[in-house]
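Each remark here refers to the structure printed beneath this line.
The values are calculated or read from the model by the stated rules, or taken from the named source; none is laboratory data. Note that the coordinates shown come from a computational prediction; the quantities given were computed from them, not determined experimentally. All Cβ positions, glycine included, derive from the backbone under ideal geometry; neighbour counts span all protein chains shown.
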Amino acid sequence: MAHVGILFCLYDHLKQLKEENIMAYMSEEGYKKLMAELKELETVERPKISAAIAEARDKGDLSENAEYDAAKEAQGMLEMRINKLKATIADAKIIDESKLKTDSVQILNKVELKNVKNGMKMIYTIVSESEANLKEGKISVNTPIAQGLLGKKVGDVAEITVPQGKIALEVVNISI
């Protein structure tokens, strides 16, 4: 009987997660990258893993076949990635970059900042979670820094709480 309670709890949790699921705003470029990755995984990687599983299966006893276990694990990871990509793509809302404004910080804006304490300047582009890449200066809209900057105008100072403490960042410029 306890299992029924657990199932209802799990169902309620999954239902809540679905209701909380919001659109993933992204650039057309980011959307195309996700589509290309999905196509690659489905048409190239999935057949490779299927072939590896078949090859390992041909080697005999599956109970002691490390190659088979590794291939099945890789297949599970691949399918998880494919499902995550499909969900992100299904929830994607492509932002028309021609309609973006630069009067205040919003997603897909490139923001030049100055650390008020040490004068260090930095430039970030605020993007969707799936497009984030710190090496390219693209930070997720869900990060504390991006959240603290949204809606700020040139000259505004954002007091942002980060894991190291509080940081004061002045918005120097906003562009697309």
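Residue by residue through segment 69-101, note down the ones that are surrounded by fewer than 17 Cβ atoms within 10 Å (Cβ to Cβ), among the small types (Gly, Ala, Ser), farther than 30 Å from Arg57 by Cα and at pLDDT below 90.
Selection gives Ser98 alone.
Select from segment 128-148 the residues that are in contact with an Asp or Glu (Cβ under 9 Å, 6 or more places away or on another chain) and aliphatic (A, V, I, L, M) and list them in ascending order.
Answer for segment 128-148, where residues must be in contact with an Asp or Glu (Cβ under 9 Å, 6 or more places away or on another chain) and aliphatic (A, V, I, L, M): just Val141.
Condition first: touching a Leu at 6+ places or on another chain (Cβ under 8 Å) and closer than 30 Å to Glu170 by Cα. Now tell me which residues in segment 79-103 satisfy that.
Ile95, Glu97, Leu100
Give the residues of segment 80-125 that are β-branched (Val, Ile, Thr) and touching a strand residue (DSSP E or B) at 6+ places or on another chain (Cβ under 6 Å), sorted by residue number.
If the condition is that a residue be β-branched (Val, Ile, Thr) and touching a strand residue (DSSP E or B) at 6+ places or on another chain (Cβ under 6 Å), then Thr88, Ile95, Thr102, Val105, Ile107, Val111, Val116, Ile123, Thr125 are the ones that fit.
How many residues are of a type outside the set (Val, Ile, Thr), out of contact with any helix residue (DSSP H, G or I) (no Cβ under 6 Å at 6 or more places or on another chain) and free of Cβ contacts under 8 Å to residues at least 24 places away in the same chain if we restrict to segment 147-176?
Result for segment 147-176: 9.
Tell me which residues, restricted to segment 47-94, are under 25 Å from Met35 (Cβ atoms) and among the acidic types (Asp, Glu).
Glu79, Asp91
Quick one: which residue in Ser130, Ser104, Ser140 is modelled with pLDDT under 95, more than 22 Å from Glu37 (Cα to Cα) and surrounded by 13 or more Cβ atoms within 10 Å (Cβ to Cβ)?
Going through Ser130, Ser104, Ser140 in turn, just one is modelled with pLDDT under 95, more than 22 Å from Glu37 (Cα to Cα) and surrounded by 13 or more Cβ atoms within 10 Å (Cβ to Cβ): Ser104.
Output the number of residues of segment 24-43 satisfying the condition of being closer than 16 Å to Asn83 by Cα and loosely packed, with under 15 Cβ neighbours inside 10 Å.
7
Kindly indicate whether Ala66 is within 27 Å of Gln147 (Cβ to Cβ), among the hydrophobic types (A, V, I, L, M, F, W, C), loosely packed, with under 11 Cβ neighbours inside 10 Å and without any contact (Cβ under 8 Å) to a residue 12 or more places away in the chain.
no
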